[in-house]
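What follows is a set of notes on a single structure, which appears directly below.
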Amino acid sequence: MRRRSRHPVDLRTAVGAVELPNPVLCASGTAGYGTELAGVMDLTAPGAVVVKSLAAAPWPGNPAPRLDATPAGMINSVGLQGPGVAAWAAEQLPALQAAGVRVVASIWGRTVAEYRRAAELLAPHRSGILAVEVNLSCPNLDEGEHLFARAPGSTAAAVEAAAAAGLPLWAKLSLAAPDIVAVAAAAREAGAAAVTLINTVPGMVIDVAERRPVLGAGGGGVSGPAIRPLAVRAIWECHAALGDLPILGVGGVARGIDAVEMLMAGACAVQVGTATFASPRAPERVCAELAAWCRRRGAASVRGLTGAAHGSAEGPS
């Protein structure tokens, strides 16, 4: 029997000026700071690995328990525990570079000054880093507890501060913003080369036997398949309004078809997070399934999928 030839698929994509071999990345907070998962996955297989968010100084994080399963994902309150930028650059980054991993650093801060300091500490190491994801969507302190991503002004201030890294900036935003399109526009005007949509969604789980929250910090962030429709809508709205702004989609990507959906909504790349807790090789599988989907439908390049749904539908109402 004559074998049917496989349709070649060009998986290459670009997030602004950052060229990637494929559009499936490891999301921040789910693949560690360095080569922790090297024994169970090929860290060079994803388009890039976004490391766990780093502050300028070491940070202890939240009290245990920090994770719990939910019916369609999980909830976490790790609290951004980390060694700080300097320790990471000295102890983790060299191993990532030696392994040939495409690295995206992630930074956070409680104040605009802390974002600037974290970026300054990254600057000497920029030759080994593709971009910086500016995590604006976690609780921060700057004249009161809030999310920087909740308002255009605070988002812009933090993005401008992060420019000290001298690297392309990806602003990670939150659905806590009353108008996420306005925040995304502010991030772009402040110098962000792309936006990452979305972070976890606030939630809580109660231990009914003990009559108290399961997580040590009380509430936490819900992730996994349950939030994927929320992420898809945020991507759709931002692409419809800001079509030239690159978007990285994240939130519940566990299958190749999930990646297709986010790309069609307007993303140019996606990140896999919660799925790696169940299967560390999930990013590789998602990429393989995405390629297979493209072959079955004769799609020669994944770049052609970005925003494809906008030409055939009215969109959300």
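The values are calculated or read from the model by the stated rules, or taken from the named source; none is laboratory data. Remember, it's a predicted structure, so these values are computed and weren't measured experimentally. Quick reminder, even Gly has a Cβ in these numbers, built from the backbone with ideal geometry, and neighbours come from all protein chains shown. The protein model used for the area step is the full one, side chains on, heavy atoms only, and it has no ligands, DNA or RNA in it. Shrake-Rupley method; radii C 1.70, N 1.55, O 1.52, S 1.80 Å.
For the residues Tyr115, Tyr33, a 1.4 Å probe over the protein chains yields an accessible-area ranking, largest first, of Tyr33, Tyr115. A simple charge model with +1 on the Cβ of Lys and Arg, -1 on the Cβ of Asp and Glu and nothing else charged puts the dipole of segment 144-256 at about 320 debye relative to its Cα centre. Before anything else, pin down the relative contact order of segment 68-201: Cα pairs under 8 Å, at least 6 apart, normalised by residue count, whole percent. Relative contact order here is 20 percent. For Met262, the accessible surface of its heavy atoms amounts to roughly 0 Å² (probe 1.4 Å, protein chains only, rounded to the nearest 10).
Over the chain, DSSP H runs of length four or greater, each weighted -39,500 (n - 2.57), average out per residue to a 222 nm ellipticity of -8000 deg cm²/dmol. Note on surface exposure: Arg150, Arg228 rank Arg150, Arg228 by accessible area, highest first, 1.4 Å probe.
With both residues required to sit in the chain, DSSP beta bridges show an antiparallel share near 45%. Considering all different alpha carbon pairs of the chain, the Kirkwood hydrodynamic radius works out to 19.6 Å.
At full extension, Ala241 and His7 could sit 80.9 nm farther apart than now, given 0.36 nm per residue minus the alpha carbon distance. Run through the DSSP bridge list for segment 177-283 and note the antiparallel percent, rounded to the nearest 5. Percent antiparallel among DSSP bridges in segment 177-283 is about 50. In the complete set of protein chains, residue-level accessible area for Thr274 is approximately 30 Å², probe 1.4 angstrom. Run the paramagnetic zone check for Leu230: 7 angstrom along Cα to Cβ, then residues of segment 64-82 with backbone nitrogen under 20 Å. Only 66-80 pass the distance filter. Under the criterion of Cα pairs below 8 Å and six or more residues apart, the relative contact order for the chain equals 20 percent.
The solvent-accessible area of Cys138, taken with every protein chain present and a 1.4 Å probe, is close to 10 Å². With a Förster radius of 30 Å applied to the beta-carbon distance between Glu189 and Val40, the computed FRET efficiency rounds to 0.15.
These residues, Phe148, Phe277, go from largest to smallest accessible area, 1.4 Å probe, as Phe277, Phe148.
In nm, what is the difference between 0.36 nm times the number of residues separating Val205 and Ala288 and their Cα-Cα distance? Length difference between fully extended and current span is 26.4 nm.
The label point for Gln97 and the one for Thr111, both projected 7 Å from the Cα toward the Cβ, are 3.1 nm apart.
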